[in-house]
Amino acid sequence: MKAITVEPKKPDTARYEDFPEPDPRDGSILVEAVAVGVCGTDVEIVEGKYGWAPEGSTRLVLGHESLGRVIDPGFSSSFKKGDLVVGIVRRPDPVPCPACAVGEWDMCRNGQYTERGIKQIHGFMSERWRIEPEYAMKVDPSLGLLGVLLEPTTVIAKALEQVVFIGRRAFWEPRTLLVTGAGPIGLLAALAAKMFGLDVHVLDRMESGTKPDLVRALGATYHSGSVKDIGIVPDAIIECTGVGQVIADSIQAIGSSGTVCLTGVGHGGVITTDATATVAAAAVLKNNVIVGSVNANKRHWYKAGNLLARADRTWLSCLITRCEKPENFQQALQRKPDDIKVVIQFSEV
Ligand code: BGC
(Lines give C-alpha, C1' and ligand atoms only; values in the text may rest on other atoms or scores of the structure.)
Protein backbone atom coordinates (compact mmCIF):
# COMPACT_ATOMS: atom_id res chain seq x y z
CA MET A 1 0.00 0.00 0.00
CA LYS A 2 0.98 3.66 -0.20
CA ALA A 3 1.63 5.92 2.78
CA ILE A 4 2.91 9.42 3.53
CA THR A 5 5.95 8.97 5.74
CA VAL A 6 8.65 11.15 7.24
CA GLU A 7 11.95 10.71 9.05
CA PRO A 8 11.24 12.70 12.22
CA LYS A 9 13.66 15.47 13.21
CA LYS A 10 15.06 15.55 9.66
CA PRO A 11 13.58 18.34 7.53
CA ASP A 12 12.27 17.62 4.03
CA THR A 13 12.26 13.84 4.32
CA ALA A 14 8.49 13.40 3.74
CA ARG A 15 7.58 10.98 0.92
CA TYR A 16 4.51 9.31 -0.55
CA GLU A 17 5.86 5.79 -0.87
CA ASP A 18 5.19 2.06 -0.79
CA PHE A 19 4.82 0.91 2.78
CA PRO A 20 4.04 -2.49 4.40
CA GLU A 21 0.38 -3.29 5.18
CA PRO A 22 -0.62 -2.24 8.74
CA ASP A 23 0.65 -4.52 11.48
CA PRO A 24 -2.14 -6.59 13.12
CA ARG A 25 -0.55 -5.59 16.44
CA ASP A 26 -1.80 -2.03 15.76
CA GLY A 27 -5.39 -3.22 16.23
CA SER A 28 -7.92 -5.86 15.23
CA ILE A 29 -10.06 -3.49 13.11
CA LEU A 30 -8.86 -2.96 9.54
CA VAL A 31 -9.83 0.39 8.05
CA GLU A 32 -9.66 1.94 4.60
CA ALA A 33 -8.53 5.58 4.80
CA VAL A 34 -11.06 8.16 3.61
CA ALA A 35 -9.37 11.41 4.61
CA VAL A 36 -6.79 12.83 6.97
CA GLY A 37 -6.74 16.45 8.13
CA VAL A 38 -3.50 18.43 8.10
CA CYS A 39 -2.60 20.65 11.06
CA GLY A 40 0.29 22.73 12.33
CA THR A 41 1.74 19.71 14.14
CA ASP A 42 2.08 17.83 10.81
CA VAL A 43 3.84 20.84 9.28
CA GLU A 44 6.23 20.94 12.26
CA ILE A 45 6.99 17.23 11.89
CA VAL A 46 7.72 17.62 8.17
CA GLU A 47 9.93 20.62 8.95
CA GLY A 48 11.95 18.35 11.28
CA LYS A 49 10.97 20.21 14.46
CA TYR A 50 8.81 17.56 16.19
CA GLY A 51 7.86 13.88 16.01
CA TRP A 52 9.30 10.47 16.88
CA ALA A 53 9.41 7.27 14.79
CA PRO A 54 8.26 3.96 16.30
CA GLU A 55 11.00 2.00 18.08
CA GLY A 56 13.11 0.07 15.58
CA SER A 57 12.01 2.24 12.66
CA THR A 58 13.51 5.37 11.13
CA ARG A 59 10.28 6.53 9.46
CA LEU A 60 6.89 7.51 10.82
CA VAL A 61 3.58 7.38 8.95
CA LEU A 62 2.20 10.90 9.36
CA GLY A 63 -1.36 11.95 10.21
CA HIS A 64 -3.49 12.09 13.34
CA GLU A 65 -6.80 13.66 12.16
CA SER A 66 -8.31 10.54 10.65
CA LEU A 67 -11.48 9.37 8.97
CA GLY A 68 -11.82 5.85 7.61
CA ARG A 69 -14.26 3.14 6.65
CA VAL A 70 -14.17 -0.26 8.36
CA ILE A 71 -13.08 -3.01 5.95
CA ASP A 72 -12.91 -5.79 8.54
CA PRO A 73 -14.18 -5.34 12.13
CA GLY A 74 -12.18 -8.38 13.34
CA PHE A 75 -13.56 -9.91 16.54
CA SER A 76 -15.35 -6.70 17.63
CA SER A 77 -19.14 -6.91 17.58
CA SER A 78 -19.47 -3.13 18.12
CA PHE A 79 -18.27 -2.30 14.61
CA LYS A 80 -19.40 -3.51 11.23
CA LYS A 81 -18.04 -3.35 7.72
CA GLY A 82 -18.70 0.10 6.21
CA ASP A 83 -18.84 2.03 9.53
CA LEU A 84 -17.16 5.43 9.41
CA VAL A 85 -14.58 5.60 12.18
CA VAL A 86 -11.95 7.96 13.55
CA GLY A 87 -8.92 6.79 15.52
CA ILE A 88 -8.11 8.23 18.94
CA VAL A 89 -4.63 9.80 18.81
CA ARG A 90 -2.98 9.18 22.18
CA ARG A 91 -2.20 5.91 23.99
CA PRO A 92 -1.49 5.78 27.73
CA ASP A 93 2.07 5.43 28.94
CA PRO A 94 3.05 1.85 29.83
CA VAL A 95 4.00 2.51 33.47
CA PRO A 96 1.16 3.73 33.78
CA CYS A 97 1.12 7.07 35.58
CA PRO A 98 -1.99 7.65 37.75
CA ALA A 99 -3.69 9.79 35.07
CA CYS A 100 -3.15 7.20 32.31
CA ALA A 101 -4.20 4.43 34.69
CA VAL A 102 -7.68 6.00 34.93
CA GLY A 103 -7.97 6.71 31.18
CA GLU A 104 -6.96 10.38 31.39
CA TRP A 105 -4.03 9.93 28.99
CA ASP A 106 -4.43 13.55 27.91
CA MET A 107 -3.13 14.49 31.37
CA CYS A 108 -0.19 12.00 31.30
CA ARG A 109 2.23 12.72 34.14
CA ASN A 110 5.45 11.13 32.92
CA GLY A 111 5.48 12.07 29.21
CA GLN A 112 5.81 8.44 28.12
CA TYR A 113 2.46 8.46 26.27
CA THR A 114 2.53 7.69 22.57
CA GLU A 115 0.52 9.36 19.76
CA ARG A 116 -0.53 8.07 16.33
CA GLY A 117 1.29 9.96 13.60
CA ILE A 118 3.23 12.08 16.09
CA LYS A 119 5.02 10.10 18.77
CA GLN A 120 6.24 6.52 18.27
CA ILE A 121 3.15 5.02 16.60
CA HIS A 122 2.35 5.19 12.92
CA GLY A 123 -0.40 7.60 11.94
CA PHE A 124 -3.31 7.45 9.55
CA MET A 125 -1.91 8.80 6.27
CA SER A 126 -1.83 5.35 4.66
CA GLU A 127 -4.31 3.66 2.33
CA ARG A 128 -5.21 1.23 5.12
CA TRP A 129 -4.70 1.40 8.88
CA ARG A 130 -5.57 -0.66 11.93
CA ILE A 131 -7.11 0.40 15.20
CA GLU A 132 -7.93 -1.22 18.53
CA PRO A 133 -11.76 -1.32 19.12
CA GLU A 134 -11.38 0.71 22.34
CA TYR A 135 -9.60 3.52 20.44
CA ALA A 136 -11.98 3.62 17.45
CA MET A 137 -14.80 6.19 17.51
CA LYS A 138 -17.81 5.71 15.27
CA VAL A 139 -18.96 8.94 13.63
CA ASP A 140 -22.51 9.88 12.71
CA PRO A 141 -22.76 8.54 9.13
CA SER A 142 -24.61 11.67 8.02
CA LEU A 143 -21.42 13.67 8.68
CA GLY A 144 -19.63 11.94 5.82
CA LEU A 145 -16.33 13.70 5.08
CA LEU A 146 -17.03 16.15 7.93
CA GLY A 147 -16.14 13.32 10.33
CA VAL A 148 -12.51 14.29 9.69
CA LEU A 149 -13.20 17.33 11.93
CA LEU A 150 -13.70 15.10 14.96
CA GLU A 151 -10.10 15.17 16.19
CA PRO A 152 -9.76 18.99 16.23
CA THR A 153 -13.20 19.14 17.91
CA THR A 154 -11.92 16.90 20.73
CA VAL A 155 -9.19 19.46 21.46
CA ILE A 156 -11.94 22.05 21.96
CA ALA A 157 -14.18 19.71 23.98
CA LYS A 158 -11.29 19.29 26.41
CA ALA A 159 -10.33 22.99 26.50
CA LEU A 160 -13.92 24.06 27.24
CA GLU A 161 -14.23 21.40 29.91
CA GLN A 162 -11.10 22.82 31.56
CA VAL A 163 -12.59 26.32 31.52
CA VAL A 164 -15.86 25.07 33.02
CA PHE A 165 -14.11 23.04 35.74
CA ILE A 166 -11.91 25.99 36.69
CA GLY A 167 -14.86 28.39 36.64
CA ARG A 168 -16.70 26.28 39.18
CA ARG A 169 -14.07 26.93 41.90
CA ALA A 170 -16.17 30.04 42.75
CA PHE A 171 -19.56 31.51 41.87
CA TRP A 172 -19.46 31.65 38.08
CA GLU A 173 -21.93 32.86 35.56
CA PRO A 174 -20.02 33.03 32.26
CA ARG A 175 -21.55 35.18 29.56
CA THR A 176 -18.80 36.31 27.22
CA LEU A 177 -16.14 34.17 25.60
CA LEU A 178 -13.35 35.42 23.36
CA VAL A 179 -11.65 33.10 20.90
CA THR A 180 -8.34 34.33 19.52
CA GLY A 181 -7.55 32.90 16.07
CA ALA A 182 -10.15 31.86 13.49
CA GLY A 183 -8.41 28.73 12.24
CA PRO A 184 -10.17 25.34 12.52
CA ILE A 185 -9.65 25.11 16.29
CA GLY A 186 -10.83 28.69 16.88
CA LEU A 187 -13.91 28.30 14.68
CA LEU A 188 -14.81 24.99 16.32
CA ALA A 189 -14.38 26.67 19.72
CA ALA A 190 -16.76 29.43 18.61
CA LEU A 191 -19.28 26.84 17.41
CA ALA A 192 -19.11 24.88 20.69
CA ALA A 193 -19.35 28.02 22.85
CA LYS A 194 -22.33 29.25 20.82
CA MET A 195 -24.05 25.89 21.30
CA PHE A 196 -23.30 26.34 25.02
CA GLY A 197 -25.28 29.62 24.88
CA LEU A 198 -22.46 32.12 25.33
CA ASP A 199 -21.97 35.54 23.77
CA VAL A 200 -19.02 34.62 21.53
CA HIS A 201 -16.39 36.96 20.09
CA VAL A 202 -13.69 35.82 17.68
CA LEU A 203 -10.54 37.78 16.86
CA ASP A 204 -8.29 37.13 13.88
CA ARG A 205 -5.92 39.04 11.57
CA MET A 206 -8.09 38.52 8.46
CA GLU A 207 -10.28 41.53 7.75
CA SER A 208 -12.65 39.91 5.27
CA GLY A 209 -13.37 36.55 3.65
CA THR A 210 -14.62 33.18 4.83
CA LYS A 211 -13.46 33.49 8.44
CA PRO A 212 -15.49 36.62 9.35
CA ASP A 213 -18.45 35.24 7.36
CA LEU A 214 -18.37 31.94 9.26
CA VAL A 215 -18.15 33.71 12.63
CA ARG A 216 -21.10 35.96 11.78
CA ALA A 217 -23.10 33.00 10.46
CA LEU A 218 -22.87 31.52 13.96
CA GLY A 219 -24.35 34.69 15.45
CA ALA A 220 -20.97 35.54 17.00
CA THR A 221 -19.07 38.84 16.75
CA TYR A 222 -15.93 39.11 14.63
CA HIS A 223 -13.00 41.40 15.45
CA SER A 224 -9.82 41.98 13.50
CA GLY A 225 -6.87 43.77 15.07
CA SER A 226 -5.70 43.75 18.64
CA VAL A 227 -7.25 42.07 21.71
CA LYS A 228 -6.80 45.45 23.44
CA ASP A 229 -9.38 47.05 21.17
CA ILE A 230 -12.28 44.59 21.33
CA GLY A 231 -14.23 46.67 23.83
CA ILE A 232 -15.50 43.76 25.94
CA VAL A 233 -14.25 42.09 29.11
CA PRO A 234 -14.40 38.33 28.48
CA ASP A 235 -15.24 35.80 31.20
CA ALA A 236 -13.04 33.27 29.40
CA ILE A 237 -10.59 33.31 26.51
CA ILE A 238 -9.71 30.32 24.35
CA GLU A 239 -6.36 31.25 22.83
CA CYS A 240 -5.74 29.44 19.55
CA THR A 241 -2.93 31.45 17.90
CA GLY A 242 0.13 30.62 20.01
CA VAL A 243 1.38 34.15 19.21
CA GLY A 244 3.23 35.78 22.14
CA GLN A 245 1.66 39.22 21.77
CA VAL A 246 -1.89 37.82 21.52
CA ILE A 247 -1.29 35.67 24.61
CA ALA A 248 0.10 38.63 26.58
CA ASP A 249 -2.83 40.85 25.52
CA SER A 250 -5.31 38.09 26.40
CA ILE A 251 -3.92 37.84 29.90
CA GLN A 252 -4.35 41.60 30.31
CA ALA A 253 -7.87 41.60 28.79
CA ILE A 254 -9.44 38.73 30.74
CA GLY A 255 -12.07 39.70 33.30
CA SER A 256 -11.75 39.14 37.05
CA SER A 257 -11.93 35.44 38.02
CA GLY A 258 -11.73 34.58 34.33
CA THR A 259 -9.66 31.89 32.65
CA VAL A 260 -7.33 32.09 29.68
CA CYS A 261 -7.03 28.65 28.11
CA LEU A 262 -3.99 28.28 25.86
CA THR A 263 -4.35 25.73 23.05
CA GLY A 264 -1.91 27.06 20.44
CA VAL A 265 1.73 26.03 20.30
CA GLY A 266 3.81 28.91 18.96
CA HIS A 267 7.43 29.88 18.77
CA GLY A 268 9.61 32.74 19.88
CA GLY A 269 8.64 35.78 21.88
CA VAL A 270 11.16 36.70 24.54
CA ILE A 271 9.66 37.25 27.96
CA THR A 272 11.74 39.41 30.26
CA THR A 273 11.64 39.06 34.03
CA ASP A 274 9.63 42.28 34.29
CA ALA A 275 7.01 41.03 31.85
CA THR A 276 6.62 37.79 33.79
CA ALA A 277 6.10 39.71 37.05
CA THR A 278 3.56 41.99 35.37
CA VAL A 279 1.67 39.01 33.99
CA ALA A 280 1.73 37.37 37.42
CA ALA A 281 0.49 40.54 39.14
CA ALA A 282 -2.46 40.82 36.75
CA ALA A 283 -3.36 37.17 37.43
CA VAL A 284 -3.07 37.57 41.21
CA LEU A 285 -5.11 40.74 41.45
CA LYS A 286 -7.94 39.35 39.32
CA ASN A 287 -7.93 35.70 40.51
CA ASN A 288 -7.18 34.63 36.94
CA VAL A 289 -6.20 31.19 35.79
CA ILE A 290 -3.97 30.70 32.77
CA VAL A 291 -4.22 27.07 31.78
CA GLY A 292 -2.62 25.06 29.02
CA SER A 293 -4.69 22.33 27.35
CA VAL A 294 -3.52 19.58 25.00
CA ASN A 295 -4.98 16.41 23.52
CA ALA A 296 -8.21 14.75 24.70
CA ASN A 297 -9.39 11.61 26.46
CA LYS A 298 -12.30 9.37 25.56
CA ARG A 299 -14.85 11.50 27.40
CA HIS A 300 -13.88 14.46 25.17
CA TRP A 301 -14.03 12.29 22.05
CA TYR A 302 -17.55 11.29 23.00
CA LYS A 303 -18.61 14.90 23.68
CA ALA A 304 -16.99 16.10 20.44
CA GLY A 305 -18.83 13.41 18.46
CA ASN A 306 -22.17 14.60 19.89
CA LEU A 307 -21.33 18.22 19.20
CA LEU A 308 -20.45 17.58 15.55
CA ALA A 309 -23.54 15.42 15.05
CA ARG A 310 -25.74 18.35 16.22
CA ALA A 311 -23.90 21.04 14.21
CA ASP A 312 -25.11 22.60 10.99
CA ARG A 313 -23.63 20.59 8.10
CA THR A 314 -23.46 23.54 5.68
CA TRP A 315 -21.50 25.62 8.20
CA LEU A 316 -19.16 22.71 9.02
CA SER A 317 -18.51 21.98 5.35
CA CYS A 318 -17.16 25.54 4.88
CA LEU A 319 -14.34 24.65 7.30
CA ILE A 320 -12.86 22.18 4.79
CA THR A 321 -11.46 24.59 2.25
CA ARG A 322 -9.25 22.22 0.24
CA CYS A 323 -9.02 18.46 -0.49
CA GLU A 324 -5.71 17.26 -1.94
CA LYS A 325 -4.75 13.85 -3.31
CA PRO A 326 -2.17 11.90 -1.27
CA GLU A 327 0.42 12.21 -4.05
CA ASN A 328 0.04 16.01 -3.75
CA PHE A 329 0.56 16.00 0.01
CA GLN A 330 3.25 18.71 -0.27
CA GLN A 331 0.57 21.11 -1.52
CA ALA A 332 -1.62 20.18 1.44
CA LEU A 333 1.21 21.20 3.77
CA GLN A 334 1.56 24.66 2.19
CA ARG A 335 -0.69 27.17 3.91
CA LYS A 336 -2.65 29.48 1.62
CA PRO A 337 -4.30 32.66 2.94
CA ASP A 338 -7.88 31.37 2.59
CA ASP A 339 -7.19 27.91 4.03
CA ILE A 340 -9.07 26.81 7.09
CA LYS A 341 -8.82 23.00 7.15
CA VAL A 342 -7.00 21.21 4.35
CA VAL A 343 -7.53 17.46 4.09
CA ILE A 344 -5.77 14.74 2.17
CA GLN A 345 -8.43 12.54 0.63
CA PHE A 346 -7.54 8.87 0.11
CA SER A 347 -10.95 7.61 -1.05
CA GLU A 348 -14.55 8.74 -1.57
CA VAL A 349 -16.84 8.72 1.47
C1 BGC B 1 -2.80 16.97 18.45
C2 BGC B 1 -2.85 16.40 19.83
C3 BGC B 1 -1.46 16.13 20.34
C4 BGC B 1 -0.61 17.37 20.23
C5 BGC B 1 0.81 17.21 20.75
C6 BGC B 1 -1.86 18.14 18.38
O7 BGC B 1 -1.74 18.59 17.07
O8 BGC B 1 -4.09 17.40 18.04
O9 BGC B 1 -3.60 15.22 19.83
O10 BGC B 1 -1.52 15.70 21.68
O11 BGC B 1 -0.58 17.79 18.88
O12 BGC B 1 1.54 16.18 20.15
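The set of residues in region 299-312 being surrounded by 12 or more Cβ atoms within 10 Å (Cβ to Cβ) and either under 18 Å from L149 (Cβ atoms) or more than 16 Å from the ligand (Cβ to nearest atom) (or both) consists of H300, W301, Y302, K303, A304, G305, N306, L307, L308, A309, A311. Going through (1) surrounded by fewer than 19 Cβ atoms within 10 Å (Cβ to Cβ); (2) among the small types (G, A, S); (3) at pLDDT 95 or above one by one, A190 falls short only on (1). When each of G264, G244 is tested for being modelled with pLDDT under 95, under 21 Å from the mean Cα position of the chain (by Cα) and under 25 Å from A157 (Cβ atoms), the lone residue that passes is G264. Counting only residues that are away from the ligand (no atom under 16 Å from the Cβ), surrounded by 19 or more Cβ atoms within 10 Å (Cβ to Cβ) and either closer than 30 Å to S347 by Cα or not β-branched (V, I, T) (or both), region 153-177 holds 2 of them.
For region 315-347, a tally of residues being touching a helix residue (DSSP H, G or I) at 6+ places or on another chain (Cβ under 8 Å) and acidic (D, E) returns 2.
S317 passes every criterion in (1) at pLDDT below 95; (2) out of contact with any strand residue (DSSP E or B) (no Cβ under 8 Å at 6 or more places or on another chain) apart from (1). Please indicate, with yes or no, whether at least one residue in region 282-293 is in contact with a helix residue (DSSP H, G or I) (Cβ under 9 Å, 6 or more places away or on another chain), within 16 Å of the ligand (Cβ to nearest atom) and in a loop (DSSP other than H, G, I, E, B). Yes: one or more hits.
Applying a threshold of 6 Å to beta carbon distances and a minimum spacing of six or more residues, or different chains, the list of pairs starting in region 85-111 at a residue that is in the same structural domain as E161 (by TED's automatic domain parsing) and hydroxyl-bearing (S, T, Y) and ending at one that is part of a loop (DSSP other than H, G, I, E, B) and within 11 Å of the ligand (Cβ to nearest atom) is empty. The selection criterion, being within 24 Å of R310 (Cα to Cα) and assigned to a loop (DSSP other than H, G, I, E, B), holds for G219. Screening region 99-149 for residues that are surrounded by fewer than 22 Cβ atoms within 10 Å (Cβ to Cβ) and of a type in the set (G, A, S) and picking the one that is farthest from the chain's Cα centre (by Cα) gives A101.
Go through region 13-45 and give me each residue that's within 15 Å of the ligand (Cβ to nearest atom) and in a loop (DSSP other than H, G, I, E, B). First the steps, then the outcome.
Quick first cut of region 13-45, residues within 15 Å of the ligand (Cβ to nearest atom) only: 36-45.
Selection gives C39 alone.
For region 78-109, a tally of residues being within 18 Å of P141 (Cβ to Cβ), more than 16 Å from the ligand (Cβ to nearest atom) and not polar (S, T, N, Q) returns 7.
Residues checked against (1) closer than 27 Å to T321 by Cα; (2) more than 13 Å from the ligand (Cβ to nearest atom); (3) touching a strand residue (DSSP E or B) at 6+ places or on another chain (Cβ under 8 Å):
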site	(1), (2), (3)
Y113	no, no, yes
Q120	no, no, yes
V139	yes, yes, yes
G144	yes, yes, yes
E151	yes, no, yes
V179	yes, yes, yes
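Of the residues making up region 46-77, those that are assigned to a loop (DSSP other than H, G, I, E, B) and within 16 Å of the ligand (Cβ to nearest atom) number 10.
The values are calculated or read from the model by the stated rules, or taken from the named source; none is laboratory data. Nothing here was measured: the structure is a model prediction, and the numbers come from that model. Glycine gets a Cβ as well: all are built from the backbone with ideal geometry, and neighbour counts include every protein chain shown.
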